[in-house]
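Notes follow once the structure below has been shown.
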Number of protein chains: 2
Amino acid sequence: MKNFLSMNQSELAEAKEELQRKFQKFKDCELSLNMARGKPGADQLELSLPLLDVLNSRSDCHDASGLDCRNYGELLGIPEARKLFADYMGITPEETIVVGSASLTFMYDCMARAMLLGVLGGDKPWGKHEKVKFLCPVPGYDRHFTICETLGIEMINIPLTELGPDMDLVEKLVAEDETVKGIWCVPKYTNPLGGSYSDEAVRRLAALKPAARDFRIFWDNAYALHYVYEDTPVLNILKECKKAGNPDMVYLFGSTSKITFPGAGVAFFGASRDNVDFIARQLNAQSISWDKINMLRHVRFFRDAAGIRAQMDKHAAILRPKFDAVLSALEREIASTGAGSWVKPKGGYFVTYMALPGCAKRIVQLCKEAGVVLTDAGATHPYHQDPEDSYIRLAPSFPSPAELAQAMEVFCAAAKLAAVEKLLA
Amino acid sequence: MKNFLSMNQSELAEAKEELQRKFQKFKDCELSLNMARGKPGADQLELSLPLLDVLNSRSDCHDASGLDCRNYGELLGIPEARKLFADYMGITPEETIVVGSASLTFMYDCMARAMLLGVLGGDKPWGKHEKVKFLCPVPGYDRHFTICETLGIEMINIPLTELGPDMDLVEKLVAEDETVKGIWCVPKYTNPLGGSYSDEAVRRLAALKPAARDFRIFWDNAYALHYVYEDTPVLNILKECKKAGNPDMVYLFGSTSKITFPGAGVAFFGASRDNVDFIARQLNAQSISWDKINMLRHVRFFRDAAGIRAQMDKHAAILRPKFDAVLSALEREIASTGAGSWVKPKGGYFVTYMALPGCAKRIVQLCKEAGVVLTDAGATHPYHQDPEDSYIRLAPSFPSPAELAQAMEVFCAAAKLAAVEKLLA
């Protein structure tokens, strides 16, 4: 198809009519497809069914140190779970806490504790300041933004590219505004853009000189080993922070939600030992211990970091044809038209479609009319406001490749129709 | 033994010498016993081992509504788990949220959310007030007090008897002071006193007329079916609150920590539907869903509330000889001496020993010297300060009956020695 951007008005009008006819046919099919959330598919969940066989009524439920995992105790997690997930994060067990079953809950928790009680090195709780701001690389993860919005933390958009956030802007804002208390980062296979932070971006983040002494990088490494096409290494942020003389500046988050069972795996946290000690004292008010039975189950299932990697190879093999379906449709249907662009992700759970400005909401609406549910336009930005109305997050993991092929036909038709409508307006 | 209180000084001096000799013998035994925490014993944990067989790799992990419990979703818990624990609490599934693996964590969470975001009916978050106070029946549960202390909530001691808190005082403080935002209650087999709230106490609590419009009763029914000798019914607080026109005034908390596995079971919350709706909107910022696999495991293990009761019968049978060991030692060694008193609990996890004023710390210290670890004196009171230095919490559940008998010999000798020392001073 010819590039829309080089068409004159009558060519566009003609294209529009043809696209409308085509789109009506999709509507007539009464589809019901969902590309809205980054949920693993049933075939991925089946990879972890043997996890349910690891412990049974004849199992010894003591950990290697002799601790009975069926009883209270060990607030920071059983030692072998701290070791396993420390290895996964590239840090030490003493820098690791294994907590609950969802990293999102612990991120909220860290933010809530910072607001209520403060963080190491701060002179008072964040909530005692007139204003607290957080930097939010966009497009980003809607649930990060919801945490800030709920807690009344003002969010500032930071443009994000394939290589990381706009570091000039980050450095400037962090250095000159002491109400800026932190930044959200998804460093690898970013949610939803799909790039990974360059070495330069990580080093510049680690070397920030914040005006706020209690500034924190919330490093949500949700996709640390979630390669689909290629494992693209990202520098170890805690090591870089130490090198730069900022050992306490970063909180690492991760979970097995997309390794074993979403919301029913284990979550973990990493930081300097001083941060861990400080947070452990705060955690003492909110927990006696988290689910150690499930920690033991995960430790015995994976044995070591190589065991996790073997599992991730299987996830990648399932996800690859799904990403192929999305990317090949975009390539085939959209590339030549100029209607939008995208990063080809090497891993993660998303593809971000960047439409011509002013088209995202219209595309989502059109898809909905044709029975294809997408993440709401705007969800990629703080306060649900994408100032360009351009970004759409596509989540290929849950539908089957065949369903995806169908959904992408609808999506591409909608994307083209919206573009032509826009250019005609 | 003769009552110490009727001895003259020389009789006391003689008794002291004899008790010292006896106590030295215990020290020579180099015991290592622990009655500090309310942990179930290994034999109790074994009751729940079949829970680990409920789900395996061949299990269908969909709930009755067809929801895949292995994946994200259903923030308030799977319907059958909400039903099971609603029945357990005597409320409806719509009034129930199943959350995480520990009720303590959710209590902290409710308090933290109240501070940060406020509760239904409040005009601002609790944390935006100059001062927030909580009423704390004493003796009480140390971890409740730690939550308040951590969050900067001022605690006010309320005398607790076998029949409940001093309701005259509660009514007065609640009515006249709008900074009083709530009260901690452990209504059944109170931790650690061992009584249960009378119908009158529950009705008067439900009918409170607080100056604060956003007052909340934190109803930690940790021992709802944890009878040891006898199941003593306590009125349903949510029903009573509704009758009294205060449907939103109470939060109910419970968990399976002392039904299945401590910290690795499921926790649940109950409140009016309006409270549940309000809290659900707040929870949306902190979780996508809690561990539904473990919910499913518990639902299939117990089937219904009768299944839970059958399990509790087995717990009671294990706990009874342990409570017998503690109570018979106190009866035999202490009753006639006047050195202290206690409530004979019908259930729960504790016996509270009330020593002569000024003796509790000394008794705990003496026991420690003889290798018997007790909960710190003062732990039963806010800020770790028992103004009378009288209360000691004894936790009989973890040691074996034989160990308990030994530990109680030491305890009773220490209790008598401390009493005589005090009377001589």
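The values are calculated or read from the model by the stated rules, or taken from the named source; none is laboratory data. None of the values given here were measured: they were computed from a predicted structure. As a convention, Cβ positions derive from the backbone with ideal geometry for all residues, glycine included, and neighbour counts pool all protein chains shown. The accessibility values were calculated without ligands, DNA or RNA, using every heavy atom of the protein model including side chains. Shrake-Rupley method; radii C 1.70, N 1.55, O 1.52, S 1.80 Å.
Odds and ends about this structure:
- Yes/no for B:L252 being in a loop (DSSP other than H, G, I, E, B), of a type in the set (A, V, I, L, M) and in contact with a strand residue (DSSP E or B) (Cβ under 7 Å, 6 or more places away or on another chain): no
- Whichever residue in the stretch A:63-74 is of a type outside the set (A, V, I, L, M, F, W, C) and surrounded by fewer than 15 Cβ atoms within 10 Å (Cβ to Cβ) and, among such residues, is modelled with the lowest pLDDT: A:S65
- Selection count, the stretch A:351-405, where residues are in a loop (DSSP other than H, G, I, E, B) and farther than 23 Å from A:E162 by Cα: 5
- Of residues in the stretch A:25-48 being modelled with pLDDT of 95 or more and of a type in the set (S, T, N, Q), the one farthest from the chain's Cα centre (by Cα): A:S48
- Output for the stretch B:118-150, where each listed residue is within 7 Å of chain A (Cβ to nearest Cβ), more than 23 Å from B:P187 (Cβ to Cβ) and not hydroxyl-bearing (S, T, Y): B:G127
- Selection of the stretch B:42-51 for residues being assigned to a helix (DSSP H, G or I) and either open to solvent by 30 Å² or more (accessible area, probe 1.4 Å) or at the interface with another protein chain (Cβ under 7 Å from one of its Cβ atoms) (or both) yields B:A42, B:D43, B:L45, B:E46, B:L49, B:P50.
- Considering residues of the stretch A:75-97 that are more than 16 Å from A:N275 (Cβ to Cβ) and within 14 Å of chain B (Cβ to nearest Cβ) only, the residue surrounded by the most Cβ atoms within 10 Å (Cβ to Cβ): A:A81
- Residue satisfying all of: in the stretch A:16-41; out of contact with any Lys or Arg (no Cβ under 8 Å at 6 or more places or on another chain) and within 14 Å of chain B (Cβ to nearest Cβ); least open to solvent (accessible area, probe 1.4 Å) among these: A:A36
- Matching residues in the stretch B:85-111 - criterion: being among the acidic types (D, E) and within 22 Å of B:K242 (Cα to Cα): B:D87, B:E94, B:E95
- Qualifying residue in the stretch B:52-62 (condition: aliphatic (A, V, I, L, M), facing chain A (nearest Cβ under 9 Å), assigned to a loop (DSSP other than H, G, I, E, B) and open to solvent by less than 20 Å² (accessible area, probe 1.4 Å)): yes
- Any chance B:L327 is buried (at least 22 other Cβ atoms within 10 Å of the Cβ), part of a helix (DSSP H, G or I) and at pLDDT 95 or above: no
- Considering (1) over 26 Å from B:T146 (Cβ atoms); (2) of a type outside the set (V, I, T); (3) in contact with an Asp or Glu (Cβ under 7 Å, 6 or more places away or on another chain), the lone condition that B:E369 does not fulfil carries the number (3).
- Subset of the stretch B:216-232 (residues that are open to solvent by 20 Å² or more (accessible area, probe 1.4 Å) and either acidic (D, E) or free of Cβ contacts under 8 Å to residues at least 12 places away in the same chain (or both)): B:E230, B:D231
- On the stretch given as the stretch A:1-28, residues that are without any contact (Cβ under 8 Å) to a residue 12 or more places away in the chain and within 19 Å of A:F411 (Cα to Cα) total 6.
- Listed conditions (1) away from chain B (no Cβ under 11 Å); (2) in contact with a Leu (Cβ under 8 Å, 6 or more places away or on another chain) are all met by A:T260, apart from (1).
- Sole residue being open to solvent by less than 10 Å² (accessible area, probe 1.4 Å) and not aliphatic (A, V, I, L, M), chosen from B:G371, B:G340, B:G348: B:G348
- Close pairs from the stretch A:85-98: first in contact (Cβ under 8 Å) with a residue 40 or more places away in the chain, partner of a type in the set (G, A, S) and open to solvent by 20 Å² or more (accessible area, probe 1.4 Å), Cβ under 7 Å, at least 6 apart: A:D87/A:A305; A:Y88/A:A305
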